[in-house]
Amino acid sequence: MTSKSHPTWLEIDLGAITNNCSHIVKDTGVTLMAIVKGDAYGYGAVEVSRAAVRGGASWLGVARFSEARVLRKRGIISPILVLGMVTPDEVDEAVASQVTLTLHSPESLQLYAARSREAGQPVNVHLKVDTGLGRLGILAEEVAPFTRQIQRAGGIIVDGIFSHLAVAEEVLHPLNNLQIRRFRQAVTATQENGVRPRWIHLANSAGAFFLPETRYNMVRVGNVVLGLRIRIEEPLPDCYRPVLVWKTRLASCRVLPGGWGVGYGKSYVTTGEELIGVVPVGYGDGLRRMSGNQVLIGGEKCPVVGRLSLDQLTVRLPRPYPMGEEVVLIGKQGEASIGVHDLAALYGTSQVDITTHIHSRVPRVFIG
Ligand SMILES: *Cc1c(COP(=O)(O)O)cnc(C)c1O
């Protein structure tokens, strides 16, 4: 597929992913689990995983078993951890395909132990501790009795122990130290009860870079693998490269008379004669139907005017451009750029909320 075959497409720079991973490994000095859940935040899990492994990622992390299955079917043999819940039906296939599961509750222990007895095969798990995010996990003070329960149940190999940080991008937040303390307590509790998990991991991107004591022997990184910022107002160090460019082409460029309505609801009205361009991208592709959107044309930011449609948007242009002129929605053009962080700031949300909402009808073109 080439960029000529579609009106709009994403370019994913796999070389940048490999580069980012090798820098993460170098900067943190520990094993990297590249987080590729949610189709690698919308970038394409299989290609991102391969590029991350080339850059030195030893593990891959997904949210659901179905995501791990796709990676295995495409020949990816790296260790994979499913971070979220699995259904009873999925456990056997997970074990058979050597996918590591998250043990996060007495119910999941019962399920895994039962499937292990049935299959006559051990289930590999990482034990999840809730140190203050309040999502999945065993409370730190319950880890000691829970570890004894694991051993009584049998058939479970605790290959790792982990927890997840709630506010690591706010370095000085008191919850960070509390989570670190509870996690240490949990790790000690497993060891004192005869279980020595090989992998100990607490850090996401923010922990890995802002709180070095959360690295232990593995970091779980999603954002920085993709060159996304940790804090949207703060650029990453120069060695980390953005991965995603969203491009399209101008569909039309016309002079409209003064007082002409543009967009549904006559949401914009020209003040005099204005050059209005039509771009074949709308809210059905993942942009939001709110004001303040901009696009890059001819190396300049141009304001989106009128309400976004499902498949199209309208922009006010400073000069005429031919049909087919390159338009950038995310990325650089000349000296101008719009980052995922800019859209996240505009929409008041996270960068991953932006990238995971770029619709699958926008083809991903992999470069490098
Ligand atoms: C998504 C996720 C991560 C990755 O977080 P980033 O901020 O993208 O690095 C790490 N750990 C868990 C448990 C996650 O769910």
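The values are calculated or read from the model by the stated rules, or taken from the named source; none is laboratory data. In this text the structure is predicted, and so the values were computed from the model without any measurement. When we count neighbours, we look across all protein chains shown, and the Cβ atoms used for this are built from the backbone with ideal geometry, even at glycine. For the accessible areas, the whole protein counts, side chains as well, though only heavy atoms, and no ligand, DNA or RNA atoms are used. Shrake-Rupley method; radii C 1.70, N 1.55, O 1.52, S 1.80 Å.
A few remarks follow.
- Only one of E118, E142 that is at pLDDT below 95, charged (D, E, K, R) and either open to solvent by 10 Å² or more (accessible area, probe 1.4 Å) or not in a loop (DSSP other than H, G, I, E, B) (or both): E118
- Residues of the range 1-58 satisfying the condition of being among the hydroxyl-bearing types (S, T, Y), open to solvent by 40 Å² or more (accessible area, probe 1.4 Å) and either closer than 27 Å to T100 by Cα or outside any helix (DSSP H, G or I) (or both): T2, S22, S58
- Of the strands (runs of 3 or more DSSP E) entirely within the range 250-368, those holding at least 2 residues that are more than 29 Å from V48 (Cβ to Cβ) and touching a strand residue (DSSP E or B) at 6+ places or on another chain (Cβ under 8 Å) occupy 252-256, 274-279, 300-305, 313-316.
Listed here are the residues, each with its yes/no results for (1) more than 16 Å from the ligand (Cβ to nearest atom); (2) buried (at least 20 other Cβ atoms within 10 Å of the Cβ); (3) touching a residue at least 60 places away in the same chain (Cβ under 8 Å); (4) of a type in the set (D, E, K, R).
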site: E234; (1), (2), (3), (4): no, no, no, yes
site: V243; (1), (2), (3), (4): no, yes, yes, no
site: W246; (1), (2), (3), (4): yes, yes, yes, no
site: G263; (1), (2), (3), (4): yes, no, no, no
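- Lone qualifier among L178, L172, L136 - being open to solvent by 30 Å² or more (accessible area, probe 1.4 Å) and assigned to a helix (DSSP H, G or I): L178
- Looking only at residues of the range 203-228 that are more than 10 Å from the ligand (Cβ to nearest atom) and over 14 Å from V25 (Cβ atoms), we find that the one that is surrounded by the fewest Cβ atoms within 10 Å (Cβ to Cβ) is E213.
- Among the conditions (1) surrounded by 16 or more Cβ atoms within 10 Å (Cβ to Cβ); (2) away from the ligand (no atom under 16 Å from the Cβ); (3) among the hydrophobic types (A, V, I, L, M, F, W, C); (4) assigned to a loop (DSSP other than H, G, I, E, B), M85 misses just one, which is (2).
- Search result, residues across the range 181-198 that are open to solvent by 30 Å² or more (accessible area, probe 1.4 Å), of a type outside the set (K, R) and either out of contact with any Ser or Thr (no Cβ under 6 Å at 6 or more places or on another chain) or within 14 Å of the ligand (Cβ to nearest atom) (or both): Q185, T188, Q191, E192, G194
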